[in-house]
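Below is one structure; the comments refer to it alone.
The values are calculated or read from the model by the stated rules, or taken from the named source; none is laboratory data. What you see is a predicted model, and the numbers here were worked out from it, not measured in a lab. Heads up, the Cβs are rebuilt from the backbone with ideal geometry, glycines too, and the neighbour counts pull from every protein chain shown.
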Amino acid sequence: MSIRERLSGNEAIATAMRQINPDVFAMFPITPSTEIPQYFAQYVADGKVDTEFICVESEHSSMSACMGAEAAGCRAVTATSSAGLSFMNEVLYVAASSRLPIVLAVSCRALTGPININHDYSDSMAERDSGFIQLYSENNQEVYDNYLMAHRIAEHPDVRLPLMVCEDGFITSHAIENIELEEDDAVKAFVGEYHPENYLLKTDNPLAVGPYGVSNYYMEARVAQAHAMMNAKRVIMEVADDFEKTFGRRYGLIEEYRMEDAEIAMVIMGSSAGTAKAEVDALRNEGIRAGLIKVRVFRPFPSEEIAKALAGCRAVAVMDKSEGFSGCGGPLFAETCAACINMDNRPKMVDIVYGLGGRDFTVAAAKQVYTRLQDIAAGGEIGAVYTHMGQRER
């Protein structure tokens, strides 16, 4: 039976960690994810978990310690944000290529510079090609649920890849919301114990983890890793199906909101989706066929699902909460365009970079986006494909 509670996103993640009781938590603090190891340290002090809690000297070291623990057959976790995630960059790639299913909680925060402690996705998007699976959360309930599913996805024998559970810094990490928690025993039964097939301390089958990849084998290893990421789409949905049967809440690779007959639509991620849904409802009440796609899984990218959902649309705005500096738009726009490239009837598509460094995204801002899409759908000029929204003009 679900338990009604009020928690921040950070405490929801720490609670899920407590229920799962990982073998190792290697921590180094950084705003706004610091609360996660703080809460968990209290669980350790109170004897509620028997996790080996390691305080290290940097985020590079926290991910390295998790790698060593996973290679030795342990279930390992950590948390970080912003420059901390960037400092992990080298070992993120090593963890993924070594096929170590570490689960990393990321309270997403803007990268320097100028220095900023508020939310956007510049940190997680900078690591989108590291080989980590990436799940994004709209609200605190989804943060908690994503974490409960994370270990089963990452540890599946057809996947064996590390995974990021991403939440919006301060917006969901620190804001308190009503949430349904599951009972400890039910969580433990759902997640299961970790029994890796191969690990360094296995005496009857010696092996190397992370060896040098000579030219004769490097590409084969990368292709195997790419296939594992492809497999993750199926596994994510299998775990989501079991999650729904067990706890009653349903998740997909994307969420289609009022898309059944939508002519104009927004593609968006995270907490901003909740804001935009309010405007979709208002437009529907006016008879305007507006819809929204929330991308929950960014890696592996749900190309087929997005293309299918956008098939009936005339105009689409992709909302990027990070700046790609490509001169053409942000990372979500690039991926969405690639997903739609072979559609017989592609919608007209624009990219809007917004919300950088914690800049507000309001229902009124969402209305401006949909008003522009109405003009485009009515046969107006697309105008600039790549624009920014919410900044002060010169």
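Here are a few things to note about the model shown:
- Residue identified as crowded, with 17+ Cβ neighbours inside 10 Å and more than 30 Å from Leu163 (Cβ to Cβ) among Leu310, Leu356, Leu332, Leu373: Leu373
- Residues that are assigned by TED's automatic domain parsing to the domain that holds Val106 and assigned to a loop (DSSP other than H, G, I, E, B) occur in region 213-234; there is at least one.
- Among the criteria (1) more than 23 Å from Gly357 (Cα to Cα); (2) crowded, with 18+ Cβ neighbours inside 10 Å; (3) touching a residue at least 40 places away in the same chain (Cβ under 8 Å); (4) outside the structural domain of Leu135 (by TED's automatic domain parsing), the one Met319 does not fulfil is (1).
- Filtering region 233-248 to residues that are in contact with a helix residue (DSSP H, G or I) (Cβ under 7 Å, 6 or more places away or on another chain) and farther than 16 Å from Leu135 by Cα leaves only Thr246.
- Unique residue being surrounded by fewer than 20 Cβ atoms within 10 Å (Cβ to Cβ), in contact (Cβ under 8 Å) with a residue 40 or more places away in the chain and closer than 30 Å to Glu127 by Cβ when the list is Thr362, Thr387: Thr362
- Filter pass, Ala290 being under 22 Å from Asp375 (Cβ atoms) and touching a Pro at 6+ places or on another chain (Cβ under 9 Å): no
- Restricting region 66-83 to residues that are part of a helix (DSSP H, G or I) and touching a strand residue (DSSP E or B) at 6+ places or on another chain (Cβ under 7 Å), the residue that is farthest from Ala41 (Cα to Cα): Glu70
- Region 158-178, subset more than 16 Å from the chain's Cα centre (by Cα) and either β-branched (Val, Ile, Thr) or farther than 19 Å from Ile20 by Cα (or both), residue surrounded by the most Cβ atoms within 10 Å (Cβ to Cβ): Val159
- If the condition is being among the polar types (S, T, N, Q) and in contact with an Asp or Glu (Cβ under 9 Å, 6 or more places away or on another chain), then region 333-356 contributes only Thr336.
- Elements of type helices (runs of 4 or more DSSP H) contained in region 241-353, each with 3 or more residues being touching a strand residue (DSSP E or B) at 6+ places or on another chain (Cβ under 8 Å) and on the phi > 0 side of the Ramachandran plot: none
- Flag if Ser130 is surrounded by fewer than 24 Cβ atoms within 10 Å (Cβ to Cβ), touching a Leu at 6+ places or on another chain (Cβ under 6 Å) and under 19 Å from Gly68 (Cα atoms): yes
- Sole exception among (1) buried (at least 21 other Cβ atoms within 10 Å of the Cβ); (2) out of contact with any Asp or Glu (no Cβ under 7 Å at 6 or more places or on another chain); (3) closer than 29 Å to Pro101 by Cα for Ala262, by number: (3)
- Of all the listed residues (Leu111, Leu100), the sole one being modelled with pLDDT of 95 or more, within 25 Å of Ala69 (Cα to Cα) and aliphatic (A, V, I, L, M) is Leu100.
- Answer residue from region 19-65, given it is touching a residue at least 60 places away in the same chain (Cβ under 8 Å) and in a helix (DSSP H, G or I) and is nearest to Ile115 (Cα to Cα) among those: Glu35
- Pairing each residue of region 118-132 that is in contact (Cβ under 8 Å) with a residue 12 or more places away in the chain and more than 14 Å from Ala228 (Cα to Cα) with any residue that is assigned to a loop (DSSP other than H, G, I, E, B) and polar (S, T, N, Q), provided the two are 6+ apart or on different chains, yields C-beta distances under 7 Å for Asp120/Ser322; Tyr121/Ser322; Ser122/Ser322; Asp123/Ser81; Met125/Ser322.
- Residue in region 84-130 that is nearest to Thr172 (Cα to Cα), counting only those that are outside any loop (DSSP other than H, G, I, E, B), over 18 Å from the mean Cα position of the chain (by Cα) and aliphatic (A, V, I, L, M): Val91
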